[in-house]
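Worksheet: the structure to be examined is printed underneath.
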Amino acid sequence: MSDRSYYAPKGGLPPQTQLLTDRAMFTDAYAVIPKGTFSDIVTSFLPFWDKARFWVIARPLSGFAETFSQYISEVEPGGGSDRPEIDPAAQSVLFVVEGEITVTVAGKTDILQPGGYAYIPAGTEWQLWNKGAETARFHWIRKAYQAVPGLDAPEPLILSDKEVAAVSMPDTNGAWSTTRFVDPADLRHDMHVTIVTLQPGGVIPFAETHVMEHGLYVLEGKAVYRLNQDWVEVEAGDFMWLRAFCPQACYAGGPGPFRYLLYKDVNRHMPLNR
Ligand SMILES: NC(=O)N[C@H](N)C(=O)O
């Protein structure tokens, strides 16, 4: 551990006069972790990382029903890791929101800036360092890869949201669109991380109720989101975790686009009880 002061909480709490707990929610069907709650005292540190801290915003809870973990990751200049992952079963998606990270995946190095996306297959050697002058912030989403006999493992991907066209959802005339980093027809993948964009006034017009679990991190804008039987106001910086079959819909009520990073488990059979 090079610099111990980095690992101490720096303060950064809301003032004693302010109560920000009203929007945080944890229910059987969903959780809302609003941005005001990502304070210094709720961070995690991880083995083999330097000058890095993580807000764990999703993790498998029951050990069976939930599929993924998601971290908001913060790496100071000069920080990073030569051994970021310790679980050979874990595949990862990285998505940069601030600053710049240098990522080497299977010996190939790329620099990712805001909007940068990396898919790192399970069992792949990778390294990540912040060689820039600013603190870097990125999402790190991990899922145990479900291999299927007869299907090859997917290869690494490095992309940016600027080079992937958003595709309008059917019959919405662009009011609701999705940016897909992975071809939905590529069944080697068992998780998708996409960007969903709703234009002002755009809606998800019915309560989607499906087996896929979600992590939703709001990148931009404001909306009211239907989570199970509740309508919840959300804005940029908030996180929502939705269990399988949690009904969900949305109304983008802010003056600008509403965009979120969406995790979804896909393309696999469900385990059966024997
Ligand atoms: N809440 C969502 O954005 N859900 C997506 N339509 C989805 O499940 O793909």
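The values are calculated or read from the model by the stated rules, or taken from the named source; none is laboratory data. A quick note: this is a predicted structure, and the numbers were derived from the prediction, not measured. Here the Cβ is made from the backbone with ideal geometry for all residues, glycine too, and neighbour counts use every protein chain on show. The protein model used for the area step is the full one, side chains on, heavy atoms only, and it has no ligands, DNA or RNA in it. Shrake-Rupley method; radii C 1.70, N 1.55, O 1.52, S 1.80 Å.
Listed values, structure above:
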item: Charge dipole of the chain about the Cα centre (unit charges at C-beta), most positive-ward option of Gly174, Trp49, Cys246; result: Cys246
item: Percent carbon-and-sulfur accessible area, the range 25-265, ignoring ligands, DNA and RNA, probe 1.4 Å; result: 55 percent
item: Where the range 25-265 is the region considered: accessible area per residue in Å², 1.4 Å probe; result: 43 Å²
item: Per-peptide average of other Cβ atoms within 10 Å, ordering 177-187, 30-40, 163-173 highest first; result: 30-40, 177-187, 163-173
item: Extension gain from Asp40 to Thr27, taking 0.36 nm per residue of separation minus the Cα-Cα distance; result: 2.2 nm
item: P(r) tail fraction, the range 95-137 - alpha-carbon pairs more than 14 Å apart, %; result: 42 percent
item: Of the trypsin sites (Lys or Arg not before Pro) in the range 44-141, those whose Cβ has at most 16 other Cβ within 10 Å and which sit in DSSP loop; result: Lys131
item: Inter-site label distance for Ala185 and Ala207 at 7 Å from Cα along Cβ, in nm; result: 3.5 nm
item: Of every Cα-Cα pair in the range 166-250, the percent that sits beyond 23 Å; result: 20 percent
item: Cα convex hull of the range 85-179, projected area averaged across orientations, nm²; result: 7.9 nm²
item: Ratio of the Cα radius of gyration of the chain to 2.2 N^0.38 Å, where N counts its residues; result: 1.00
item: For the range 25-80, radius of gyration divided by Kirkwood radius, i.e. Rg to Rh on alpha-carbons; result: 1.03
item: Two-site label geometry, Phe245 and Ala147: point separation in nm, points 7 Å out along Cα→Cβ; result: 3.2 nm
item: Computed magnitude of the charge dipole of the chain (debye, nearest 20; Cβ of K, R +1, Cβ of D, E -1); result: 300 debye
